[in-house]
Amino acid sequence: MGHAVDLALLAGCGLLLVAVLAVRLASRTGVPALLVYLGIGVALGEAGLGIRFEDYHLTGEVGLVALAVILAEGGLTTRWSQVREVAPAAAALSTLGVFVSVVVVALSTTLLLGTSWRTALLLGAAVASTDAAAVFSVLRRLPLKTRVSRLLEAESGLNDAPTVVLVTLVSSRSWASTSAWEVLGLVAYELAVGLAIGLAIGWVGRLTLGRLALPSAGLYPLATVALVLLSFGAAGIARGSGFLAVYVCGLVIASARLPHRRAVLGFATSLALLAELGLFVLLGLLASPDRLVHALPTALVVGAAALLVARPLAVLLSTTPFGVPWREQAFLAWSGLRGAVPIVLAIVPVTQHVRGGERVLDVVFVLVVVYTLLQAPTLPWVGRRLGVVEDLATTDLEVEAAPLESVGADLLQVSVRSGSQLHGVYVDELRLPPGAVLSLVVRNREGSVPTSDTRLQHGDQLLIVATTDSRGLVEERLRAVSRDGKLARWYAPRS
């Protein structure tokens, strides 16, 4: 027994270290780490080391939980103030856009390949949504214009919910007897319940987390993540959308004064990395290379319909009413990355014993790999050609806040990173709002109290004390100066 445990620990820690190295590789090549994880799974499977793994039910259940963890990290690393402006367009992309994509892919598959309507709808629903893990891992390394980046992230966090409902319904035995109105009603119900539960538990988190006096700072990340994932389970029990609930809950909590924010976000990011690793290795173990080769022609056709027709049309119809420029629409259309979500959804027909379910899974698996390899490395070039990539290497700030509850204030820690226009700005040119003061500048590990003649430099660490009411204005001002320099007050905010 002890030897088996040692081997399991050795293998698990080895995979985890490979996952960390894969993140490094992905950051340099632009290819999502998920493809490396899939490759590890395939190498361990029947075509590699010979491990036979065919537990679709286990993989499906693990996949749903892993996706919930990934969405929790996505919600916690986003603030409502950042996505408020793009929320209507993101909601349209996540509902109308999904519907358009499903219809177009299903029609194309039926007309070009002669598949049954059920198989066509399963393929359309599985590939309709963008993948949160892929979007977060690739696009957050690109200095995209603010509106484009936030729209993509918000969409990827919201559009899993309707696709899960559609795939589950089409895979059920009652799919043929369910009317279109019943489908719409079911989707609306699950989304409404998931939204309500996410908002309610998120609001409870806002009220409690900032007031808890836990004995250890390390308990705050555990409490925060547990609270967010609680919304996933609660929504599931209420027959609502757990994916929508967990993302909204994380978003609501992250928009409040979150104690030890950096530790919480670091823990959530690490947990999401672990979830991605476990999920994609399992998915890779399920893959059968012999079957995948035969699925390649179908995957190319379905992927082409999704990428070249369905996605552009969905973006056009969903974002045009909100005034999104055509260049941004073009980038949104090309950057609709697929990843774990389509593969996990494609497992549902297999577990429900739908005829041709394994064929759907094989096609989706190949589609995800091929089109991720095609799209992800080209995103920086496409973004620059379309003018949606900022010139600066850094267009935002990381601000760490620790609450000073007894005096109603926050202590903000700000890093002047490479590319920030804070470099060269004098302290009195910051023009911080009333209730805030720059109290300390740490340069080359030496701290000093700044004066009006102190000039900021790359690599400086700033400590700012701000009242609770002024904190939001302080962060907004610092980001504006970081982006546009000391004359930022004369510039309109960039989208």
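The values are calculated or read from the model by the stated rules, or taken from the named source; none is laboratory data. For clarity, every value in this text was computed on a predicted model and none was experimentally measured. When we count neighbours, we look across all protein chains shown, and the Cβ atoms used for this are built from the backbone with ideal geometry, even at glycine. Calculation scope for accessible area: heavy atoms of the full protein, side chains included, ligands and nucleic acids excluded. Shrake-Rupley method; radii C 1.70, N 1.55, O 1.52, S 1.80 Å.
What length, rounded to one decimal in nm, is gained on full extension from SER116 through to GLU61, with 0.36 nm per residue of separation minus their alpha-carbon distance?
On the way: separation 55, 0.36 × 55 = 19.80 nm, distance 2.73 nm.
Separation in residues times 0.36 nm, less the Cα-Cα distance, equals 17.1 nm.
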Taking a crude spin-label model, label points 7 Å out from Cα along the C-beta direction, the VAL5 to TYR189 distance in nm is 4.7
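Roughly how many Å² is the accessible area per residue of the chain, as a whole number, for a 1.4 Å probe? Please list the in-between numbers first.
Numbers: 22190 Å² over 495 residues.
Here the per-residue accessible area is 45 Å².
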Checked the chain with the C-alpha gyration tensor, a ≥ b ≥ c its square-rooted eigenvalues, rounded below a/c of 1.5, otherwise prolate if a/b is larger than b/c and oblate if not; verdict prolate
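So how much slack lies between TRP381 and LEU199, counting 0.36 nm per residue of separation and subtracting their Cα-Cα distance, in nm? Mind showing how you got there, number by number?
On the way: separation 182, 0.36 × 182 = 65.52 nm, distance 3.82 nm.
Computed gain between TRP381 and LEU199 is 61.7 nm.
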Applying the gyration tensor rule to the Cα atoms of region 147-287 (axes a ≥ b ≥ c; rounded if a/c under 1.5, else prolate if a/b exceeds b/c, else oblate), the class is prolate
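How do the peptides 447-456, 183-192, 257-266, 289-298 rank, highest first, by the average count of neighbouring beta carbon atoms within 10 Å per residue?
Details: 447-456: 13.0, 183-192: 16.2, 257-266: 18.8, 289-298: 14.6.
Output ranking for 447-456, 183-192, 257-266, 289-298: 257-266, 183-192, 289-298, 447-456.
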For the LEU308, GLU476 Cβ pair and Förster radius 51 Å, calculated FRET efficiency rounded to 0.05 is 0.80
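What does the helix-only formula give at 222 nm for the chain: each DSSP H stretch with n ≥ 4 adding -39500 (n - 2.57), the total divided by the residues, and the result rounded to the nearest 500 deg cm²/dmol? Please report the intermediate quantities before stating the final value.
Values: 20 runs with 310 residues, N = 495.
After summing the helix terms and dividing by residue count, I get -20500 deg cm²/dmol.
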Checking region 324-368 for trypsin sites (Lys or Arg not before Pro) in a loop per DSSP with at most 15 other beta-carbon atoms within 10 Å yields ARG355
Contact order relative to length for region 216-334, counting C-alpha pairs under 8 Å separated by 6 or more residues, stands in percent at 20
With a Förster distance of 35 angstrom and the Cβ-Cβ distance between THR451 and ARG257, calculated FRET efficiency to the nearest 0.05 equals 0.70
Yeah, region 53-105 with a ≥ b ≥ c from its alpha-carbon gyration tensor (a/c under 1.5 is rounded, else prolate when a/b outruns b/c, oblate otherwise) is oblate
A 1.4 Å probe over the protein heavy atoms gives the chain a carbon and sulfur accessible-area percentage of 64
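Give me the number: length gained by fully extending LEU207 to HIS294, i.e. 0.36 nm times residue separation minus the C-alpha to C-alpha distance, one decimal in nm.
Numbers: separation 87, 0.36 × 87 = 31.32 nm, distance 5.44 nm.
Additional length available on full extension: 25.9 nm.
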